[in-house]
Amino acid sequence: MSLLTIILPVFALIAIGVIARQRRLLEPLAFRGLTDVVFFLAMPALLFGAIVQGPTFDLVGIASVYFAACLTIFACALTLGRLLKFPLPRAAMLGLNASYGNTVMLGIPIIVAALGAEALPPLLAIIALHSAIMLPLAGTLVEIGTTGQRRPLAIVTGALNRTLRNPIIMSIVIAFLWRALQLPLPGPLRELLRLLGAAGIPLALICLGGSLPAPKAGALGMDTVIATVLKLAAMPALVWVIGRWAGLPALPLAVAVITAGMPTGANAFLLARRADDLLEISAATVVATTLLSLLTLYGLLHALA
């Protein structure tokens, strides 16, 4: 399968979502309904089935490599923001925009298409911890900087509670428990998961296109440029260096590097809603990294797939 055959259909589905929103072929309420189907049914079914039925994989190895790089990029962006005299919330959002990737809506379809179904279990090791680590970390710093509240434990606990109510995360947690207990997967349930999961990837990409924020004029500033360079270039390079140093096998290493090169995830934009200026910056970063990732992901796939 050629790289263009992998990349172009994915971004074509995103474009369909953008056009459907702009031309009002689907109303915002319809997009919300489709997104609910994706996040409450289709993607949880896909992820649950992949974990329960997939091969054994090294959860600790790939997660350690990925998050060593992820937290390093976050810390570098946060430090750079503070050196540039950014307020703490803005510096924290710069860190999140530079390190938090679209691992579900974009990561799953591209990695599965490029590397095969056997690449999905290592990816799930990253997805399982991605929101649980990065969103509470950034959310705590934003909360402290915005409200002056100095109770980080209470803030982290609230953020973790919200994360664990995420159906994507819950499906992964339940699947790991199911597998650890060696429970059987009846045939009808297996077929139900297959049918629901088959709808997850195309619908997720259309919903991604329909939900891409429209950044305001002038929002493409220093924050967006810094976050884009760190997210699409520095982070995959750092994951590759750490992964090679740690002796990560070829397939998990390719999964980790390509995942690191995913554009900024929409959850960063949602977290930025606490302030209008942060919202505009994150919106611009999500759009800029998503558009540019068409080229950078092509390069990563060419080098690794």
Rounded to the nearest 500, what is the chain's calculated 222 nm mean residue ellipticity when only DSSP H runs of at least 4 contribute -39500 (n - 2.57) each, over all residues?
-25000 deg cm²/dmol
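If each residue of separation counts as 0.36 nm, what is the full-extension length gain between Leu291 and Ser2 once their alpha-carbon separation is subtracted? Show your work: numbers first, answer last.
On the way: separation 289, 0.36 × 289 = 104.04 nm, distance 2.02 nm.
Between Leu291 and Ser2, full extension yields an extra 102.0 nm.
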Output wanted: per-residue J couplings in Hz (rounded whole) for region 131-144, from phi through Karplus 6.51 cos²θ - 1.76 cosθ + 1.60, θ = phi - 60°, x for Gly and Pro.
5, 5, 9, 6, 5, x, 4, 5, x, 5, 5, 4, 5, 5
Expressed as a rounded percentage, what relative contact order does the chain have, with Cα pairs under 8 Å and six or more residues apart?
32
In terms of modelled amide H atoms, which long-range or inter-chain residues lie less than 5 Å from the amide H of Asn166?
none
For region 283-293, Karplus couplings with θ = phi - 60° (6.51, -1.76, 1.60), whole Hz, Gly/Pro x
4, 5, 5, 4, 5, 4, 5, 5, 5, 5, 5
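Computed over the Cα atoms of region 17-68, what is the ratio Rg over Rh, Rh following Kirkwood?
Details: Rg = 17.2 Å, Rh = 13.9 Å.
Across region 17-68, the Cα-based Rg/Rh ratio is 1.23.
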With the 1.4 Å probe rolled over protein heavy atoms, the chain has an accessible area per residue in Å² of 45
Please list the non-local residues whose amide H lies under 5 Å from the amide H of Gly101, H modeled 1.01 Å from N, same-chain partners needing a gap of 5 or more.
Gly265
DSSP-loop trypsin sites (Lys or Arg not before Pro) across region 58-150, with at most 16 other Cβ within 10 angstrom:
Lys85, Arg150
Classify the chain from the C-alpha gyration tensor, please: rounded if a/c falls under 1.5, else prolate or oblate depending on whether a/b exceeds b/c.
rounded
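Between the DSSP loop rule and a limit of at most 14 other Cβ atoms within 10 Å, which trypsin sites (Lys or Arg not before Pro) in region 10-51 are left?
Values: sites: Arg21, Arg23, Arg24, Arg32; in loops: Arg23, Arg24.
Loop-located and lightly packed - Arg23, Arg24.
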What residues have an amide H closer than 5 Å to that of Leu212, excluding those fewer than 5 places away on the same chain, when H is modeled at 1.01 Å from N in the peptide plane?
none
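The values are calculated or read from the model by the stated rules, or taken from the named source; none is laboratory data. Everything numeric in this text was worked out from a predicted model, so none of it was measured. Neighbour counts run over all protein chains shown; Cβ positions are idealised from the backbone, glycine included. Note: areas computed on protein heavy atoms with side chains; ligands, DNA, RNA excluded. Shrake-Rupley method; radii C 1.70, N 1.55, O 1.52, S 1.80 Å.
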